[in-house]
Amino acid sequence: MRHVFPLICAAAAFLGISGAAATAADTAAPPTLNAKAQMTFFVGTYTGPKSKGIYQFRLDPAAGTITPGQLAGEAVNPSFVALHPSGKYLYAVSEAGGRGAKSGIVAAFAIDPQTSFLTRLNEQSSGGQGPCHVSVDPSGRVALVANYSGGTASAIPIGPDGKLGDPTAVVKHEGKSINPKRQDKPYTHSINTDPAGRFAIVADLGIDKLMVYRLDAAKGTLTPNDPPFATVTAGSGPRHLAFHPTGRYAYVINEMGNTITAFTYDADRGALAEIGSVPTLPKDFTGPNTTAEVVAHPNGKFLYGSNRGHNSIARFTVDPATGKLTPTGHTPSGGKTPRNFVIDPTGTILIAAHQDTHNLVVFRIDAATGDLTPTGSTAEIGSPVCIRFLPSAK
């Protein structure tokens, strides 16, 4: 995430629209879709000359192509977004201020079922400064937010109408780690539930811990678990986490250490036990690099991580019996600073978002080896940060 958080006036933050042209890449109406062939995804951005908020795209997984982006809803720096499991609502954090220097913002949007344009519902405090990550629990009753510079994580209830209530839980971390420039205090970088939605795991870059909380989605509470955390090697800087499709393993990508640490996961206790770590970079690479995203393939055979500096997607195979990772190579990501990437629900396509070259690049995934091949389809978008596919309506 950005390490400077400009405080932009509240009046400018999170203006919702129901659909209007924004940039040269936008079109007046969504493209005609074959519902059986194409899927919608949203991209959160840092706003500026090339971006005005949250954009929508369409993917044809069979053809490996994406449409030009359309502005779905205006917002100020909606860096990370999350979709409600119903497919009816989208939630976005803003690193801009708006409620004073003590808090960032989370906004709720309704998704038009025909056009996928966004209509702003409301906004709430994120429960801390510099919100950088948001997720929604599997039941759809609570949004979970990590506030990077505030060192906090929060639970925000979601009403039946998709609107956000006031935060019902805010937990603040304590401590530091060995890097005085990056780890002088807690820096919460992501918060995710386990597959069952019983526990919430917060990756804290500043203290080199994965803090674990018992989640009561109905009450919107976060209670320290026992055991309360798992650790990574000092100075690693845990950033994002991905669960294996079986739920038996979890993987955290370490921004500063350029590694991925594998854990077994005890779903009854919410306990993580380290298996081991693997590097995300080639042995001969000596340039500057930080990692960003980690994603497990839906088939459970492969895992991927992004390198910012080496500008690549690192590939790994997963041992189904142990969860251990084996590095299998690196694919150039097709741009500079691959901040985020996703795998489509069919497991055939990977889309990488490049913050500094303002583009999306599409790759086809080899089902047998996990290798990535560019399809030739790309799209322009200003400072993309996060990609999320629209779930099927329930």
Task: With 10 Å bins from 0: P(r) over the stretch 338-388, alpha-carbon pairs, percent - done: 28, 52, 18, 1
Open item on the list: Under 8 Å for C-alpha pairs, at least 6 residues apart: give me the relative contact order for the chain, rounded to a whole percent.
Closed with: 13 percent
- [ ] Rank by packing, highest mean first: peptides 218-224, 53-59, with packing defined as the count of other Cβ atoms within 10 Å averaged across residues.
- [x] 53-59, 218-224
Open item on the list: List the lysines whose Cα sits under 21 Å from the Cα of residue 50, skipping any in the same chain fewer than 8 residues away.
Closed with: 336
Open item on the list: Report, in listed order, any pair from 185/324; 88/219; 52/176; 209/324; 176/283; 52/163 with a Cα-Cα distance greater than 25 Å.
Closed with: 185/324; 52/176; 176/283
Open item on the list: In the stretch 245-270, whose amide N lies under 20 Å from the spot 7 Å out along Cα-to-Cβ of residue 326? List them in ranges.
Closed with: 245-246, 249-251, 260-264
TODO: Please work out, to two decimal places, the log10 of the ratio I(q)/I(0) at q = 0.07, 0.10, 0.14 Å⁻¹ from a Debye calculation in which every Cα of the chain carries one identical scatterer.
DONE: -0.27, -0.58, -1.25
Open item on the list: With +1 assigned to the C-beta of every Lys and Arg and -1 to the C-beta of every Asp and Glu, and no other charges, what is the dipole magnitude of the chain about the Cα centre in debye, to the nearest 20?
Closed with: 260 debye
Open item on the list: Placing one identical point scatterer on every Cα of the stretch 283-394 and ignoring solvent, what is log10 I(q)/I(0) from the Debye formula at q = 0.21 Å⁻¹?
Closed with: -1.16
Task: Choice from 278, 81, 252 with maximal GNM fluctuation in the chain (Cα, 10 Å cutoff) - done: 278
- [ ] Net charge near residue 206: determine it from the other residues with C-beta under 13 Å of the C-beta of residue 206, scoring Lys and Arg +1 and Asp and Glu -1.
- [x] +2
TODO: Between beta-carbons, use under 14 Å as the cut-off and find the net charge around residue 82, counting Lys and Arg +1, Asp and Glu -1.
DONE: +2
Task: Charged-residue dipole, Cβ positions (Lys, Arg, Asp, Glu), the stretch 244-338 about Cα centre, Debye nearest 20 - done: 220 debye
Open item on the list: Relative contact order of the stretch 305-360, please, whole-number percent, based on alpha carbon pairs below 8 angstrom and at least 6 residues apart.
Closed with: 28 percent
- [ ] State log₁₀ I(q)/I(0) for the stretch 242-328 at q = 0.24 Å⁻¹ as given by the Debye formula over alpha-carbon point scatterers of equal weight, solvent excluded.
- [x] -1.15
Task: Charge dipole of the chain about the Cα centre (unit charges at C-beta), most positive-ward option of 109, 41, 75 - done: 75
TODO: Which order do the peptides 298-307, 178-187 take when ranked by the mean count of other beta-carbon atoms within 10 Å per residue, highest first?
DONE: 298-307, 178-187
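Computed from the coordinates by the stated procedures, all read-outs in this text should not be read as laboratory data. The structure presented is a predicted model; accordingly, all values stated were derived computationally and were not measured. Every residue, glycine as well, gets a Cβ built from its backbone with ideal geometry; the counts of neighbours run over all protein chains shown.
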